[in-house]
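Single-structure report; data block below.
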Amino acid sequence: MDTVFIRGLRIDTTIGIHDWEKRIRRPVVLDLDMASDIPRGAATDRIEDALDYEAVTRRLEQFVSESRFELVETLAERCAAVLRDELGVSWVRLTLTKPGAVGEGVDVGVTIERGDRG
């Protein structure tokens, strides 16, 4: 199986365990690798036969911007579920970074893999 990737998807959301974090919006950054059947889309040159990264980006922007979670782990799991359940992505590796989480210039985050690579 081939891979479609999206790097540096920056979305503002409410995330954190501290009271002050629950009152502000801050960016998270998503990097995605998703299984895709590249030859099928390449053969027809039609977006309907490919993984539409614009649709993926828009759906994640909507979901993340409307979300309120305490843990980056929870947000990462929910994003992976959106990709798999709503957009039919069979396998995803998702890195979610919370810039400046424990100090200026210090980023934290998680990387998860869900599904079958095929």
Of the residues in region 15-32, those that are more than 15 Å from Val102 (Cα to Cα), charged (D, E, K, R) and open to solvent by less than 50 Å² (accessible area, probe 1.4 Å) come to Asp31
Over region 43-54, the set of residues open to solvent by 40 Å² or more (accessible area, probe 1.4 Å) and part of a helix (DSSP H, G or I) is Ala43, Thr44, Ile47, Glu48, Tyr53, Glu54
When every residue in region 62-80 that is within 22 Å of Arg117 (Cα to Cα), within 11 Å of the chain's Cα centre (by Cα) and in contact (Cβ under 8 Å) with a residue 24 or more places away in the chain is compared, the one surrounded by the fewest Cβ atoms within 10 Å (Cβ to Cβ) is Glu77
Going through region 33-42 in order, the residues found to be among the hydrophobic types (A, V, I, L, M, F, W, C) and either open to solvent by less than 10 Å² (accessible area, probe 1.4 Å) or not in a helix (DSSP H, G or I) (or both) are Met34, Ala35
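The values are calculated or read from the model by the stated rules, or taken from the named source; none is laboratory data. Just so we're clear, the structure is a prediction, and the values are computed from it rather than from any experiment. Cβ atoms come from the backbone with ideal geometry, glycine included; neighbour counts cover every protein chain shown. Just so you know, the surface numbers come from the protein's heavy atoms only, side chains and all, with ligands and any DNA or RNA stripped out. Shrake-Rupley method; radii C 1.70, N 1.55, O 1.52, S 1.80 Å.
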